[in-house]
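I have placed the structure first, in the form of structure tokens, so that the comments after it can refer back to it.
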Amino acid sequence: MVIMDRSLVFTSLLLLVTFFHSTTTPAPTVPKAPSIDVVQILRKAKRFTVLIRLLKTTQLINQLNSQLMTSGSGGLTIFAPEDSSFSKLKPGFLNSLDDRQKVELLQFHTISSFISISNFDTLTNPVQTQAGDDPKRLQLNVTTDSSSRVSMMTGAVNATVTGTVYTDNKLAIYQVDKVLLPLDFVIPKAQAPSPAAAAEAESPKSGNTKSASSDEGEDDNNEANKANEVESSAGSVSFCSEMMPLLLGFAFLGGSII
């Protein structure tokens, strides 16, 4: 009986120790996935100052970083023009764009999926970017050659991937040698003429009116000259007819005297 009591006491103590240990031991912490900041990656490369400024002033960087943190996201592929690429644009080009156009320009450099450098040949053209899928103005065609060089054509610009800035299983940033411009950023849409311009185009020009008047004046002068010539001819004929008898008379008298 005594042995049984000791067993019970030992078991109770063991249960108490186990309970106390389970309540005081902290639960193991699950490490958080490291956050990815596109601007930090570009800043480390030290040649994307203009691109970083555009991403921050348009606040598009917040959307891109948030998309990378979303679990259901398919990742991102970004074509990054370096500073020398922006310097190839005509002076004042970026300042001529409004905020909406600047956002669209950046989105035209972004694909909403992760694409490794070896998988560009699997894409279907035109490739849809975050700017939209309008084939007339937002068409991006990607091709690869036998040496795995990746080229892009927008209808306004032909660019080439010149290097890899960053890549993992969710984000790929590739350096390109030119800014990818939508077609209508270079070739503006044709504008309809204003009603005043259309009316002016339809009405006869003042120069033509003067020319017509001048032609009519010349015709009148020609007619007048012809009339004068006719009158002069008629006068000459009349003078000759009047003088003819006199001449004949003088000739007759002269013959008689001889």
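What follows is calculated from the coordinates using simple rules that are stated; it is not laboratory data. Note that the structure is a prediction, hence the values are computed from the model and not measured. Using ideal geometry, Cβ is built from the backbone for each residue, glycine included, and neighbour counts are taken over all protein chains shown.
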Fill in the blank from the handout: FRET efficiency (N169, R100; Cβ distance; R0 35 Å; to 0.05) is 0.60
Fill in the blank from the handout: Under the Karplus relation with 6.51, -1.76 and 1.60 and θ = phi - 60°, whole-Hz ³J(HN,Hα) for the stretch 68-83, x at Gly and Pro, equal 5, 7, 6, 5, x, 6, x, x, 9, 10, 10, 9, 10, x, 6, 4
Exercise for the section: Figure the gain on full extension for T57 and S87 (residue separation times 0.36 nm, minus the Cα-Cα span) and round it to one decimal in nm. Expected result: 8.9 nm
Fill in the blank from the handout: Taking placed amide H atoms and a strict 5 Å upper bound, the residues 5 or more places from L140 or on another chain that come that close are V127
Completion exercise
Once amide hydrogens are built 1.01 Å from N within the peptide plane, the residues lying 5 or more places from V150 or on another chain with amide H under 5 Å from its amide H are V161
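From the cross-link list K44/K90; K90/K178; K136/K170; K88/K170; K56/K136, which pairs have alpha carbons spaced over 22 Å apart? It would help to have the intermediate numbers written out before the result.
Values: K44/K90 27 Å; K90/K178 13 Å; K136/K170 30 Å; K88/K170 31 Å; K56/K136 29 Å.
Beyond 22 Å between Cα atoms: K44/K90; K136/K170; K88/K170; K56/K136.
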Problem - For V176, residues with placed amide H under 5 Å, excluding near neighbours - result: A80, E82, T162
Exercise for the section: Rounded to whole Å and sorted largest first, list the principal axis extents of the Cα atoms in the stretch 38-186. Expected result: 36, 31, 28
